C-alpha cells in the first residue's frame, strides 16, 4: 500500500491563485506605497522608512503567534484553509484603506499611516502564514511540493504582473482631471500650454498621452519650480489659477492629447478595484484545495517542545536568515522602481512596461525552477541563482537615462534568477517541517512557515528603511524638483549596488544549509514508511 501524494492540476492552479491574490497586496504595497506616501500623501522619505521598519519590528512575534494558532486550529476545513476564508475580505479592505488619503494634519497623516500599515501587516500575517503552510500539508512528497511551489510562484508573479502592469494605467483612468486647457502654437513642434484648474487638487501630474513631449515651466508660472524640460510635471493645482508651460517635441498637439492626473483619486480608486479581485481569488483558493498531511497521531500539543524543536532545526534557522536577505534584495529593487522611472528616467508610465517585463521573466524563472532543482538540487540552485541575479543587477549602475534598452534587458535577466528565490524558499520550509518530524517525531508546520511571513514582511521593512535612509542622505523630496534631481545618485545606487551586495552575502550563508538532495530523499522515504505504519 502507498500513500497518494499526487496533487491534481486543478488544485495546483487553485492554490496558485491564492498567491496571485497575496501579491496584488504585497507587490502593490512594495512597489507603489513608498512613492504614494512621499509624492501623494506628503510624508518625508525618512518618516516613511522609519514607519516601515517600526511596523515590521513586531512581525516576529505576530508571525510566530499565527503559526502557533494555525497548528492548533481544528475545523471541518482543516488547520490552515479556514484562515484563507476568514481573512480574504479583511485583507482587501485594509489594502484599500492603505491607499486612501483622508484630509488630515501632518501629524494626523503619520498616525493614519501607522495605523493602517500595522493593521495591513497583521491581517496579511493571518492570511499568508496559513496559506504558506497549506502547501506543506497538501502532499508529503517533497518533489511534488516543488511542483506546487512552481505553480504558486507563477500565480504570485501573475498577481504581481496584474498590479504592477495595470495600476498606473488605472490611476490615469480614475484620476483623470478635465481642466480648461488652452494651446498656442509657437513653432512646428513648440507650444504654449495654459491650464486653468476648476478645483483645488493636492497633487496632479501633467504629460502628453504618449509621453514624448517635454514640458518646462514658463517664467510667469515658475513659482520656485524647475525650468528643466521633462516629459511631465507634478504640481499642486489651486482653483481658478492658471499654470503655463512650454511644450516641445510633438507635432499637431491638441488639448485632447494632454492628460492631467489627480494622483490621490487615481491611486485610491485603482486599489479599490485590485482589492476586490484579491478577495475573489482568495475564495477560489479556499474552495479548490485540500489538506492531506496530518501531524503524527500520538503528537500532543506542547508549545515549549515546539519552540525547542524550532530553535534546534538548523535548516529552518538558515532559511530564516536567507529569507530575510533575499526579501530585502527583492523589496529594494521593487520599492525604488517607480521613483527611478518617474524622476531619473522622466517616464513613470514606462515603469509599467518594465514591471510587466520583470513579471514575465519571473514567471519563466518560477516555471523552470522545478526542472533546474532536479538537475542541481534545491540548495545548489539557490546559491547559483543568488550569485547570478546579484552580479547581473549590479550592471544597472552603469546605465544612463538614455540606456532604456539596456535597463530593460539587465532588469529582466536579473529577475529570472531572483524569481527562483521565493519559489525554492517556501518549498524548502516544507522540507524543514519534514526534517523536524523525521528528527523529533513532531510536526509544527504553521510555526515553521511563520519564517516565511516574517522574512517577507520584516525584509520589506528593512528595505523600506534602507530606501528612506539613502534617499534622505541625498535630501530627496518628492514634491521638490530641485531636491529630486539632487537625489539621482541615490536612486541609481538603490537600483544597482545595494541589492546586489545583499544577494552575494546571502549566497555565502546558503552554503551552510544541510539538506542536500540525497538527504531529502532519505527523509521522504522514511516519513512515508512511518505514515503507512500508522494507518
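Readers should treat all values here as calculations from the given coordinates under stated rules, not as data from a laboratory. Remember, predicted model here, so these are calculated numbers, not experimental data. Using ideal geometry, Cβ is built from the backbone for each residue, glycine included, and neighbour counts are taken over all protein chains shown.
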- [ ] Could you tell me the convex hull volume per residue, in Å³, taken over the Cα atoms of the range 176-263?
- [x] 85
Open item on the list: Given an 8 Å cut-off on Cα distances and at least 6 residues of separation, report the relative contact order of the chain as a percent.
Closed with: 26
Open item on the list: Angle check, please: helix 404-418 long axis (alpha carbons) against the longest principal axis of the chain (alpha carbons), in degrees 0 to 90, nearest 10.
Closed with: 20
Open item on the list: What is the distance in Å between the Cα centroid of the range 460-497 and that of the range 66-92?
Closed with: 39
Task: With Cα atoms, 0 to 90° folded angle of helix 314-339 axis to the chain main axis - done: 10
- [ ] Sticking with the crude label model, points 7 Å out along Cα→Cβ, report the distance from residue 408 to residue 276 in nm, one decimal please.
- [x] 3.2
Task: Mean separation of Cα contacts under 8 Å (6+ apart) over length of the range 97-240, as relative contact order % - done: 15
- [ ] When a/c is below 1.5 the answer is rounded, else prolate if a/b is larger than b/c, else oblate, so apply that to the range 353-419 with a ≥ b ≥ c taken from the square roots of the Cα gyration tensor eigenvalues.
- [x] oblate
- [ ] Sticking with the crude label model, points 7 Å out along Cα→Cβ, report the distance from residue 119 to residue 209 in nm, one decimal please.
- [x] 3.9
TODO: Sort 293, 54 so the one with the fewest other Cβ atoms within 10 Å of its own Cβ comes first.
DONE: 54, 293
- [ ] Please give the calculated 222 nm ellipticity per residue for the chain, where each DSSP H segment of at least 4 residues contributes -39500 (n - 2.57) and the sum is spread over every residue; nearest 500 deg cm²/dmol?
- [x] -22500 deg cm²/dmol
- [ ] Determine the shape class of the range 98-215: with a ≥ b ≥ c the square roots of the Cα gyration tensor eigenvalues, call it rounded for a/c under 1.5, and otherwise prolate if a/b is greater than b/c, oblate otherwise.
- [x] oblate
Task: Additional length obtainable on full extension of the chain from residue 398 to residue 518, 0.36 nm per residue less Cα span - done: 39.0 nm
TODO: Return the FRET efficiency for the residue pair residue 75, residue 241: r is the Cβ-Cβ distance, R0 is 41 Å, and the value is rounded to the nearest 0.05.
DONE: 0.10
Task: Sequence-separation-based contact order of the range 176-263, relative, with Cα cut under 8 Å and 6+ spacing, percent - done: 42
TODO: Report the label-to-label distance for residue 505 and residue 58 in nanometres (one decimal), using points 7 Å from each Cα along the Cα→Cβ vector.
DONE: 2.7
- [ ] Note the full-extension length gain between residue 292 and residue 251 as 0.36 nm times their separation in residues minus their Cα-Cα distance, in nm to one decimal.
- [x] 8.3 nm
Open item on the list: Nearest 10 degrees is fine. How inclined is helix 59-71 to the longest principal axis of the chain, computing both from alpha carbons?
Closed with: 40
Open item on the list: Averaging the inverse of every distinct alpha carbon separation and then flipping it gives the Kirkwood radius. What is it for the chain, in angstrom units?
Closed with: 24.1
